[in-house]
1. Could you give each residue of region 102-115 its phi-based ³J(HN,Hα) in whole Hz, using Karplus coefficients 6.51, -1.76, 1.60 with θ = phi - 60°, and x for Gly or Pro?
2. For residue 77, which sequence-distant residues (separation of 5 or more, or a different chain) have an amide H within less than 5 Å of its own amide H, given hydrogens modelled in the peptide plane?
3. Through the Karplus equation 6.51 cos²θ - 1.76 cosθ + 1.60, θ set to phi - 60°, convert the phi angles of region 18-24 into ³J(HN,Hα) values in whole Hz; use x for Gly and Pro.
4. Quick one: if you stick a label point 7 Å off each Cα along the C-beta vector at residue 318 and residue 6, how many nm between them?
5. Kindly rank 290-300, 243-253, 31-41 from highest to lowest mean number of other beta carbons found within 10 Å of each residue.
6. Suppose each label sits 7 Å from its Cα in the direction of the beta carbon; what would the residue 118-residue 17 distance come out to in nanometres?
Amino acid sequence: MAKALLIMRHELSVTLRRPSFIIFSMAVPVLALVGLVALFVYQTAIGDRPEDGVTAGVVDLTRGPSGEPMFTGFREYDTVTFELVPDVETGTRRLLDGDLDRLYVIPADYLATGLINEVKLQQAGIGNVSDASGNPNVTPLGRFLLNNLFVGNVGPELSERVLRPYVVAVTEIDESGNVIEEPLDPGKLIFFMVLAILLVISVLTTSGYLLQGLNEEKENRIMEILLSSAKPEHLMLGKLFGLGSAGLIQMLIWISSGIVVLIVLRTSGNLPDSLNLSTSIPAIAIGAVYFILGYFLFGTFMAALGAITTSQREAGQVTFLVVLPGVVPMWFIGRLIEQPEGLAARVLSFIPFSAPSASLVRLGVNGMGPLDLAISLAILAGSVAGAMWLTIRLFRAYLLMYGQRPGLRQILATLRHP
């Protein structure tokens, strides 16, 4: 095994220095950084979020039954402070001097019309009277008005229900009417779906490097030199472990950059509380297991193609036979999410080539129990062992064959009688 470890270190070193591998591995962190910068630039440009220490002046021209102004209480909401201004002239002067960030004038007929006059400079302000959905209750100004209208006139519980009429708590049931103990977690679903997509991309990329390297060594006759000092099985294992380690490094870079992005979004308030970051730790563990088994499955079959084909061009023509089953679950991702425990989802989780991506999607929607997970991993591990047995026999028989590709009948005969 010492020679296999030597080959592994060589393959890992060569792969990590490949320009295509470096660019591909750094693409996700770079795109994530660009996305964060674009988000913060966009928010700054449109003034989407209130700034710290915003002061909004209010000129209250309304009069209540006692002849007093109606909007005199509830002066602060989030980072916005409402300050009463005696008249429009004073408010306009203070707005021009920079003492106020925004000026609102509440006319005497506000209760009848609901109209408010907003005075502002010709530049982006702290926000609009209502949000994009047309609901003014959620803005600082809306809360200021509603609190002053209701607090003091009705009880605190009723006023709070007017300001916040409902909070939805969802209870999910299955087709039999039983309550689902673990409802769908959007954060978990997104994480597992992204993990499944990245896993497929990384596995197919690194196993493609294996196929490319084998064909280059055969075309350049380097294979003869390698086999003069190492057995075929040592060569295959060294290449698989070396490129598999490179794939794991690539996945760690992608996952780490994703976690950093989520932390930044959560810290800056751009990530909903429903997206639970704690699901990442078990997801990484399960994803690592599926990556290792998935890579060895695809890698050994790619190595088998490299052994029986005579050139890179010829290998590329039959690679789709291995690649296609791996991306099939991505075509049915909607079905997997809607019916994670259905027949199609279970079949895709038990077929070795589609198991890694299909199983991760099912796990994201809590649709894969421990039994299905154990069966899926057992079938995948058994398939890896069988694929390695098959590929070692093909390595021994055809790795030094040049100019002639063996036929299917010859390959089957080799497997039966190596």
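Taken together, the values in this text are just the output of simple stated rules run on the coordinates, not laboratory data. The structure displayed is predicted, hence computed values, not measured ones. Positions of Cβ are generated from backbone atoms using ideal geometry, with glycine treated the same way; all protein chains shown enter the neighbour counts.
1. So the J values, rounded to whole Hz, are 7, 10, 10, 10, 9, x, 5, 9, 4, 4, 7, 9, x, 8.
2. Those qualifying (amide H under 5 Å, at least 5 residues apart or on another chain) are 82.
3. Running phi through 6.51 cos²θ - 1.76 cosθ + 1.60 with θ = phi - 60° gives 5, x, 5, 5, 5, 5, 5 Hz.
4. So the two model labels end up 3.1 nm from each other.
5. So the peptides 290-300, 243-253, 31-41, ranked by packing, come out 290-300, 243-253, 31-41.
6. Those two pseudo-labels are separated by 6.0 nm.
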